[in-house]
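Below: one structure, written as structure tokens.
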Amino acid sequence: MNKLRHMMNPLDFSVEELEELFDLAGEIEKDMDSYAHKCDGKILATCFYEPSTRTRLSFETAMLRLGGKTLGFADASNSSAAKGESVADTIRVISCFADICAMRHPKEGAPMVAATKSSIPVINAGDGGHQHPTQTLTDLLTIRSLYGKLGDFTIGLCGDLKFGRTVHSLINALSRYEGIRFIFISPKELRVPDYITEMLTQKNIPYEEVIKLEDVMPQLDFLYMTRVQKERFFNEEDYIRLKDFYILNKEKMAKAKVNMYILHPLPRVNEISVEIDDDPRAAYFKQVQYGLYVRMALILTLLNIK
Ligand code: CP
């Protein structure tokens with residue numbers, strides 16, 4: 001019998017396992033039709049206790065394109081969570097219905113609790129401000145596909161580096177590759193957490209923290225923009241003061257390398273002006289497409305389907 005595996009954190013997979021996953025995603029991209037029946041008879045449950053467009057629909061599309069079926073809830077207020085059911089009990093129930101589950105939850109660690117009680121693979125589809133591993137897989141595959149390798153570049157992460165779980169997941173994952181330099185661009189209130197800079201210092205990985213995007217723009221190979229996470233603020237006044245701190249526009253892009261790529265996990269609010277969307281360096285909608293391929297590859301891998 002195959003060992004039950006979950007995806008809670010991008011570091012759950014070794015660098016070699018991630019390479020295999022990205023190779024499989026690449027094969028799927030080249031010839032999606034030959035994967036159309038790999039999951040015939042399988043069911044994916046999506047249990048989303050927080051709003052989502054991309055992650056939930058990307059998982060559902062991934063399973064449908066593999067020939068499987070989906071069920072689940074997109075609004076926990078319509079589930080028995082509203083009556084007080086625990087995540088631990090819910091996953092035991094879902095395990096009776098589905099073969100694999102993608103779960104998003106506002107509480108950090110909730111998908112991990114579910115995984116400990118589950119008899120099917122559980123994928124963390126985002127837990128509070130903590131981790132968003134499948135967004136990270138998406139980001140890594142996008143970088144690898146556009147740049148040709150995962151290493152030897154300078155990446156600027158800009159915006160809400162305090163609450164942005166995609167940022168925390170991505171820095172963790174990139175810390176395993178060689179030749180990467182991080183530039184953290186944020187107002188001081190939204191600085192990257194200390195545990196992350198401590199991890200980078202411990203591993204001798206170069207990083208700097210700045211406030212002005214324009215000052216570092218010419219150095220960047222990738223610019224990873226993020227929105228200010230309104231839902232994680234305790235105080236609306238602070239959100240309003242900080243929400244438009246960075247707006248990437250043509251003027252700022254004029255300072256960037258001609259081959260720099262702009263990434264964004266999306267949704268975008270105001271932080272990238274729509275005038276940038278037609279710039280060939282804007283890669284954030286391509287990123288969504290890579291997210292589908294990598295989620296297809298992840299479902300196959302966790303279900304141990306060759
Ligand atoms: N990137 C991302 O997680 O988007 P959604 O919140 O729409 O799923």
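Any read-out appearing in this document is the output of simple, stated calculations on the displayed coordinates, not a laboratory observation. Note that the coordinates shown come from a computational prediction; the quantities given were computed from them, not determined experimentally. Quick reminder, even Gly has a Cβ in these numbers, built from the backbone with ideal geometry, and neighbours come from all protein chains shown.
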Computed over the chain: longest principal axis from alpha-carbon atoms vs helix 87-97 long axis, angle to nearest 10 degrees, is 50
Restricting to Cα pairs under 8 Å and 6 or more apart, the percent relative contact order of the chain works out to 20
Straight-line reach check, K203, cutoff 16 Å on alpha carbons, 8 or more apart in-chain or any other chain, hits among lysines -> none
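Note the per residue figure in Å³ for the convex hull of the C-alpha positions in the chain.
Dividing the Cα hull volume of the chain by its residue count gives 134 Å³.
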Taking Cα atoms only, helix 165-174 is inclined relative to the longest principal axis of the chain by an angle, in degrees rounded to 10, of 80
What helix-only [θ] at 222 nm does the chain give? Using -39500 (n - 2.57) per DSSP H run of at least 4, over all residues, to the nearest 500, the answer is -11000 deg cm²/dmol
The distance between the Cα centres of region 116-170 and region 29-100, in whole Å, is 20
Yeah, region 169-269 with a ≥ b ≥ c from its alpha-carbon gyration tensor (a/c under 1.5 is rounded, else prolate when a/b outruns b/c, oblate otherwise) is oblate
Loop-resident GluC sites (Glu not before Pro) in region 1-101 with no more than 13 other Cβ atoms inside 10 Å, DSSP not H/G/I/E/B, are E85
Under the rule rounded for a/c under 1.5, else prolate if a/b exceeds b/c, else oblate, using alpha carbon gyration tensor axes a ≥ b ≥ c, region 84-192 is classed as oblate
Expressed to two decimals, region 1-101 has a Cα Rg over Rh, using the Kirkwood radius, of 1.00
Placing +1 on each Lys and Arg Cβ and -1 on each Asp and Glu Cβ in the chain, then taking the dipole about the Cα centre, the residue among G84, Y195, I276 whose Cα reaches farthest towards the positive end is G84
Given Cβ charges of +1 for Lys and Arg and -1 for Asp and Glu, the option among Y290, V15, P51 whose Cα lies farthest towards the positive end of the dipole of the chain is P51
For region 194-267, listing trypsin sites (Lys or Arg not before Pro) in a DSSP loop whose Cβ sees at most 13 other Cβ atoms within 10 Å gives K203, K212
Where a ≥ b ≥ c are root eigenvalues of the Cα gyration tensor, a/c under 1.5 meaning rounded, otherwise prolate if a/b exceeds b/c and oblate otherwise, region 26-83 counts as oblate
Quick calc, region 216-286, dipole around Cα centre from Cβ unit charges on Lys, Arg (+) and Asp, Glu (-), nearest 20 debye, gives 200
